[in-house]
Each structure stands twice: as C-alpha cells, then as structure tokens.
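J.: Below is the structure I would like to discuss, written out as structure tokens.
What follows is calculated from the coordinates using simple rules that are stated; it is not laboratory data. Computed from a prediction, not measured in an experiment: that's the story for all the values here. FYI the Cβ positions are ideal-geometry reconstructions off the backbone, even for glycines, and counts take in every protein chain you see.
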2 protein chains.
Amino acid sequence: MQRRKDEQKNMLSKSQISFVNALHHKKYRKEHNLFIAEGTKLITEFLASDYSIDTVFCISASLSKLGKLPQKVKLFEVTEAELKKISTLTNPQDALALIKIPEETNVSAESFKGKFTLILDGVQDPGNLGTIIRTADWFGFSELVCSVDSVEAYNPKVVQATMGSLARVKVYYQDLKKLLQPTKLPLWGALLDGSNIYETDFGNEGIVILGNEGKGISTEVKDLITAAVTIPRFGGAESLNVGVSAAIFCSEIKRNSTKMFGRKE
Amino acid sequence: MQRRKDEQKNMLSKSQISFVNALHHKKYRKEHNLFIAEGTKLITEFLASDYSIDTVFCISASLSKLGKLPQKVKLFEVTEAELKKISTLTNPQDALALIKIPEETNVSAESFKGKFTLILDGVQDPGNLGTIIRTADWFGFSELVCSVDSVEAYNPKVVQATMGSLARVKVYYQDLKKLLQPTKLPLWGALLDGSNIYETDFGNEGIVILGNEGKGISTEVKDLITAAVTIPRFGGAESLNVGVSAAIFCSEIKRNSTKMFGRKE
C-alpha cells in the first residue's frame, strides 16, 4: 500500500502501537493508570467531564468533531490503517483516546441517605456492566458500587457499552459487607423468592443489590438484605439477564418514588 | 497429548469437524437447515420442546445430564479437546448439538388479538436479540416478530444468549409494513418523544415496536404507529440499550395489564 508523504509524517511508531495495545489488558491499565475509549462521540463525552484525557489518535476527516482540545492533550492524526493497529474493536471507529484512570476512592453508606443507590455483587460480563452504567445514567443514578471481584469498569468492552455514561456515573469498588453493615437504610436484594417489585413501596431512599450472572448475590451480602424483591415471572425463562433486572429495578424505583402510578380511577 | 484407546475410538473425523464449523456461518446454516446450541443445560431445553435435535456431541462426564435421548438423535461421545475444535465459544461447555431450523412460517396480525406482541425493526446485535427473547419468555410473550433485516435468531450468539428461551419463544421474520398495515390493534412505538410509559394504559391487547440500535424504527413502520411511548429520562444518557427498553416495555405492559399498581392509598 502506498502512502502519501504527509500521512507518512504522522505514522505511529512501533513503541506507540505496542504501548496502546498493552492497555488492552488490565495489568497494563493498572500500571499506567490509563484506559481506552474509542470514537469521537464517546471521546467528547469524556472531554466534557472531569476525566483527564492524555492522548487522542484521530483520523483526519474526524478531527473537527473533537472541537477545541485542552492544550495538555497529545493529539496524533492517524490513518484508518494505523487506527486498526491500536483499536480494541473489530471495526474501529474514527478515533481512540487514552484517558487517565481516576484515583480510587471509597464511598460510605452515610452518603446514600435521601437517594437511591445501585450495588453490584460480582457481575462478571463487561457488556452487562456497561449496559448497567448506561441505564443507571438514564435513570439519574449518579454512582454505582461494585464488589471488588466485579469486572473492571475500565475494561474497553465496558467503556464502549456505556456509550459515554461512564463519563457521568461514578463507579466505586469496595468491600460490600464493610460498606453495608453499618447502614440503617433499606437494603433490597434482587432475588427469586421475594416480594413483588410492583407492589413494593420504595419510599425515597435505599439501596438495591444485584448479584452475579450465575451465582446471584453472595451469602455474606445476602445476610444483610432487609427485603428480597422479585420481578414476577409470567412465562418459562429460569432467570433474567442481570442488565435487564437492573433496568427494571431502576425503572420501578423511579416510577414508584416519583408517584407515576398510571392508575385509572 | 496422549489419548486412551477408548477415547481414540470416538475421535471426530475431519469432515465432521469441518461440517460443524461451517454451521458457525449463516450461509451454511441456511443450506443445511441446522443450527448450533451448546451446553447440556441449553440442549435439554430444546429436547423438551418441539425442536428436532439432529446430533449431539457430548463429553463422557456429562452424558447422564442429557437424559434418555430420542432414538433418531445421533450421539457422539467426544473429548474436551474435540469439543473445542467444533465449538463457537472461547470457553466451550460440555456438549454441542445440531438442531433442525424449523420451516419458516408467517404470522398474521389477526392472531395478535387479545394479547400483547413484541416486534423488532432492524435489531442487529446478536446479544441484544438473545436477551430480548429471554426477557420475552420471562414475561410470557410466546412469540416475537422481527423485520427481515434483523439479526438471525439461529446465530450461535443469539442462541446462547437466550439461555434456552428460544426453545419456547417463536421468532418470525417478515415484512413489517405488510404485517401491520391491516391491523386495528394499538401499535405502540418505543420513541424518544412520546407519552410517558408509566402513564400509558396498555389495556389488554396491542403491539409494541422497538427499533434498530442506532437508527431506531424505520420510517415506513413509524408511519403506522398509533402512539409513541417513551421511558422517561431522569439523567444524562442519550438513549437506552434496545434490550433494556424492550425489558421495561414488557415489564410495564405486564404490570399495567395485570393491575399491579402498587399505589398506597
């Protein structure tokens, strides 16, 4: 393949390519405190947030979609062929950014008063976590707490599945037993043998816990739950996808707490 | 790696391996009218249904999980290494079945009277379709109609994501305009600028239409919709995942039509 001279000038070095490819893996993301987000649409969501963008690789035709970048951002104009070499996607988009992983902080259950909080205990599938972050964002949940054994929020599959919502929803990783033991707030667990979610009065504050795809909520967390809540089953499926359950919980909590009962008198 | 003699006896032939691998692709599934389902749990769901199982490849340790197979089913005992050669999964399960694709039939909108029907217009992601089939099954929707340009229900990623629900939910592929034009039933479209889903009275029959992941509902189908319905947004996300939207529609329709209003008097 022939390259025009001005494109050659911008060619990525081998070490740049291997540096970005290393960030496809969790070990190197942790080491360099950087994660990958792809596509100008997604990148602009992070640019508009508190996240700090380190580097952007962008194809010439899409440069204008990024708007004016902060001065500290390193910008590289790349060809589609170069982008393919560093992308985590089978069909790369128009840009790839390296973004700083924020310092890990912990949250206390004290801060959950007066609102609703979503907690995930051991969710493993990146697509599920990404979808849950996106759903949480839609329904106005500004944070999400995951058990330490849950999938990493900066996994590229999670980042892409959030469709930019990761820029708005803060994700914490911490010991759920230590976090939840002191709280007096209602702790609802999404379980198969609980009370009907549609008949549950969620009031105006509380915590909803959803468990791992196969094993559900861990025993030590289940022991802390104040009420088991169930999405009624009308058909044959054994269970619901955890992203679907989380969505129905978010939807019901918002409907219930904003008094949208839709009842015909 | 050394093999014991009795395992060697059961070795899959090269032509068997290439035949199953061809079925990873849509073209050959159509040609041979066969699709792949993996894992004894999933296979037993199809065995308990109207589907006709052609062949099962199963590791010795899991043979008992299949129960007594109908006589016409061809059974091959395989090693884990052999299963890996024919599997569609990165981490193969304990068995792989070849199942006959049922003859394509059409449904008429006449048959939708007195119940709720879910329709998908151009959904492309196999994981989304699989999750929607599983959710439909949970909420007691016995069928699903997809536009002809939607992802194929017998794609292995769809089959696995249904977690067995494909054995219970019938999926039709047909021209939506032709199907929907004659009906007098309410046609609700999941759109961003419609009436509040929580305040919608779904009555006891009707059709819900959800669109493509990026483009939404096609213009020709949108023109037939009798009411645009929206899941209210409380936060920053631009849209919801289509599997999530479908789930909230199924949940709300069931809650509403079974009069579970959860209102405190």
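J.: Using Cα-only point scatterers and the Debye equation, what is log10 of I(q)/I(0) for chain B at each q in 0.07, 0.08, 0.13, 0.15 Å⁻¹, rounded to two decimals?
T.: Each listed q corresponds, in turn, to -0.30, -0.39, -0.86, -1.04.
J.: From the label point of B:GLY236, set 7 Å along Cα to the beta carbon, how far off in nm is each other copy's matching point, shortest first?
T.: Nearest first, the other copies' label points are 4.3 nm away.
J.: Further, regarding this structure: Give me the orientation-averaged projected area of the Cα convex hull of the stretch B:109-257, in nm², one decimal.
T.: Answer in nm², one decimal: 8.1.
J.: Which aspartates and glutamates, if any, have their Cα less than 19 Å from the Cα of A:LYS74, not counting same-chain residues under 8 positions apart?
T.: Partners within reach: A:ASP6, A:GLU7, A:GLU38, A:GLU45, A:ASP50, A:ASP54, A:GLU82, A:ASP94.
J.: Same structure again: Using the Cα centre of chain B as the reference point, and only Cβ charges (+1 on K/R, -1 on D/E), how large is the resulting charge dipole? Debye, rounded to the nearest 20.
T.: Around 820 debye, computed over chain B.
J.: May I ask for the net charge around A:SER195, where only other residues with Cβ less than 13 Å from the Cβ of A:SER195 are counted and Lys, Arg are +1 while Asp, Glu are -1?
T.: -4
J.: While we're looking at this one, here's another question. How big is the dipole moment of the stretch B:109-257 about its Cα centre under a simple scheme where the beta carbon of each Lys and Arg is +1, that of each Asp and Glu is -1, and everything else is neutral? Debye, nearest 20, please.
T.: Numbers: 14 positive and 17 negative charges, 74 e Å.
Charge dipole, the stretch B:109-257, about its Cα centre: 360 debye, nearest 20.
J.: Using θ = phi - 60° and the Karplus form 6.51 cos²θ - 1.76 cosθ + 1.60, what ³J(HN,Hα) does each residue of the stretch B:25-39 get, whole Hz, x for Gly and Pro?
T.: 10, 3, 3, 7, 4, 5, 5, 9, 6, 9, 10, 10, 10, 10, x
J.: Taking the Cβ of A:VAL123 as the centre, find all other residues whose Cβ is under 10 Å away and add up their charges (Lys, Arg: +1; Asp, Glu: -1).
T.: -4
J.: Which whole number gives the average, over all residues in A:123-133, of C-beta atoms from other chains lying within 10 Å of the residue C-beta?
T.: Rounded to a whole number, the mean comes out at 2.
J.: Let me ask something additional. So which of A:LYS178/B:LYS65; A:LYS115/A:LYS222; A:LYS72/A:LYS157; A:LYS170/B:LYS157; A:LYS41/B:LYS184; A:LYS157/B:LYS177 end up more than 29 Å apart, counting from Cα to Cα?
T.: Beyond 29 Å between Cα atoms: A:LYS178/B:LYS65; A:LYS170/B:LYS157; A:LYS41/B:LYS184; A:LYS157/B:LYS177.
J.: Take the Cβ-Cβ distance between A:SER15 and A:GLU213 as r, set R0 to 35 Å, and report the resulting FRET efficiency rounded to the nearest 0.05.
T.: Values: r = 38 Å, r/R0 = 1.09.
Efficiency, from the Cβ-Cβ distance: 0.35.
J.: Taking Cα pairs under 8 Å and at least six residues apart, what relative contact order does chain B come out at, in percent? The partial results should precede the final answer.
T.: Numbers: 458 pairs, mean separation 47.7, N = 265.
It comes to 18 percent, rounded to a whole number.
J.: Can you pull the Kirkwood radius for the protein assembly as shown, inverse mean 1/r over Cα pairs, to one decimal in Å?
T.: Details: mean 1/r = 0.0397 Å⁻¹.
Answer for the protein assembly as shown: a Kirkwood hydrodynamic radius of 25.2 Å.
J.: In the stretch B:77-178, which GluC sites (Glu not before Pro) fall in coil by DSSP and have 11 or fewer other Cβ atoms within 10 Å?
T.: Answer by residue number: B:GLU103, B:GLU104.
J.: May I pose another question? Under the convention of a label 7 Å out along Cα→Cβ, give the distances in nm from B:GLU77 to the same position in every other copy, shortest first.
T.: 6.7
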